[in-house]
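Worksheet: the structure to be examined is printed underneath.
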Amino acid sequence: MEGEKVLLKVSPMKGIMRFGKNGKLSPRFIGQFEVLRRVGEVAYELSLPPSLSGVHPVFLVSMLRKYHADRLHVLDYSMVQLYESLGCEEKPVAILDRQVRQLRSRKFLQ
C-alpha cells in the first residue's frame with residue numbers, strides 16, 4: 001500500500017467544525033494523499049500538505065479509502081469562459097395580491 005493514493009475520512013461530528021464547513025455540507029473525504037509507510041498492524045503514515053500541519057500524520061485503515069483516479073470527473077478549465085458581468089437585476093413587474101392585516105385597532109397593508 002506504500003506509494004498509493006488514499007482519501008482521508010473526516011466525518012462530521014456534532015458541534016465540531018472541521019475543514020471550513022459545518023453540517024451536511026462538510027466533506028466526508030478529503031485529499032488524495034500518498035501513503036509513506038506502514039506503522040504497526042492497522043495504521044499508515046500519510047504525506048500531508050503544510051495546511052494540515054496541525055494534524056498527526058498517522059491514521060488507522062478504517063479512516064482511509066483507496067483513491068481511484070478517474071479522469072472523467074476532472075474539469076478542463078481551459079474550455080470554461082467567464083464573463084465579468086454575470087449579475088442580474090430584479091425589477092418587479094406588477095403587484096398581484098394585497099392583504100390587509102388587522103391588529104387590535106391598526107390595519108396594515110401587506
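Take the Cβ atoms of Phe29 and Arg98, set R0 to 41 Å, and the FRET efficiency comes out at 0.20. The modelled label-to-label distance between Lys91 and Val10, using points 7 Å beyond Cα along the C-beta direction, is 4.5 nm.
We did not get these values from a lab; they are worked out from the coordinates using the rules stated. What you see is a predicted model; the values in this text were computed from it and never measured. Neighbour counts are summed over all protein chains in view; Cβ atoms, including those assigned to glycine, are modelled from backbone coordinates with ideal geometry.
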